[in-house]
Amino acid sequence: MGDSISQAFGHPIERAEALGGTELRDRISLRDYVTEVEIGAFQAERGHNQRLRFNVVVEVLADHDPLEDDVDRILSYDVVTEAIENELSSERLNLLETLAERVAAQVLAEPQAARVFVRIEKLDRGPGALGVEIVRSKADALPLVDLSEDAASHAPRIIFLTNADIASPDLSPALDRLAASSRPTILCCGPSDLQIPQTGAALVQRRIELLAIEQNAWVLAGRDARCVVVNSRTELDWAMKHDQISVWAPSKMVLDAVEGPKLRAAPVDLAAWLAETLDAAELVVPEGVTVEAEVPTVSAPLSQIA
């Protein structure tokens with residue numbers, strides 16, 4: 001019992017040693033790596049950084065040839081720290097479990113890595129450390145998804161629609177032309193013309209304004225069954241691969257972004273942010289509207305969008 005408790009609460013290297021079996025493997029470890037990040041599913045955890053502590057052990061496959069003191073022949077410690085920082089910077093996460101899985105997958109993508117033990121603890125949620133520990137091997141780790149090649153061939157066109165566009169008889173013919181094109185389309189919009197409730201709290205107001213945009217997105221979806229409302233990067237990636245027409249509901253991606261748009265960004269600026277995030281082929285805005293975006297941008301009325 002004493003050994004089991006020690007393995008459970010000690011450093012993950014003790015777990016690695018206990019589960020090592022008959023096959024002897026070398027190990028590298030990262031101990032007490034502390035960084036600050038915004039993470040958590042509770043509302044009280046939004047808008048605030050908290051400290052996370054990482055302890056990671058990687059079992060590596062044996063290299064039977066002499067290393068000859070060549071750094072390129074070993075699994076670098078940087079692989080572990082970069083896996084952590086890459087996942088922390090990719091998007092805001094709710095769960096430590098998700099973060100641990102993704103860190104493990106990054107590490108196990110290295111040829112030398114055979115098995116990894118990942119422990120992550122929150123240090124600021126109470127008097128003690130709250131955490132999760134996982135063990136993954138190459139056989140059971142989540143696969144890394146490489147969308148780079150697909151993204152190049154399915155880069156979407158982002159089109160911002162006004163309320164007049166949504167109500168226009170030109171909407172259906174425009175969707176016919178978009179559906180016939182070989183480029184996936186993501187439609188964006190602002191809130192309806194109805195008055196939006198106002199509060200004195202900036203973060204609360206942001207949520208209200210994002211929800212107002214999503215209400216209007218559903219109005220657009222109600223105009224034509226080809227307009228499918230999506231709210232996550234995963235759904236957008238799937239729709240882009242299948243060259244479908246999507247209507248963007250922005251709340252999840254905006255609120256979960258590590259480096260999102262500014263707090264009171266205008267709806268068309270949210271569309272520009274999405275276009276940059278997805279490396280869009282083109283951003284189309286209404287005639288007379290100007291926007292700053294790091295993607296090709298054109299201004300055209302709905303009737304001329306082809």
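Listed values, structure above:
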quantity: Other-chain or far-sequence residues with amide H under 5 Å of Ile39's (modelled H); calculated: Gln50
quantity: Kyte-Doolittle mean at least -1.0 and Cα axial length at least 24 Å: DSSP H helices in the chain; calculated: 202-223
quantity: Principal axis dimensions, the chain - Cα atoms, whole angstrom, descending; calculated: 72, 47, 31
quantity: Computed magnitude of the charge dipole of the chain (debye, nearest 20; Cβ of K, R +1, Cβ of D, E -1); calculated: 1240
quantity: Amide H within-cut-off set for Val229, under 5 Å, with H built and near neighbours excluded; calculated: Val247
quantity: Those lysines that a straight Cα-Cα span of less than 19 Å connects to Lys122, excepting residues fewer than 8 apart in one chain; calculated: none
quantity: Principal axis box of the range 148-304, alpha-carbon based, largest edge first, Å; calculated: 45, 37, 28
quantity: Bins of 5 Å from zero: percent of alpha-carbon pairs in the range 171-261; calculated: 3, 13, 21, 21, 18, 11, 7, 3, 1, 0
quantity: Cα-based convex hull volume of the range 255-306 per residue, rounded to whole Å³; calculated: 89
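No value in this document is a laboratory result; all are computed from the given coordinates. Just so we're clear, the structure is a prediction, and the values are computed from it rather than from any experiment. Note that we place each Cβ from the backbone using ideal geometry, even for glycine, and neighbour counts take in every protein chain shown.
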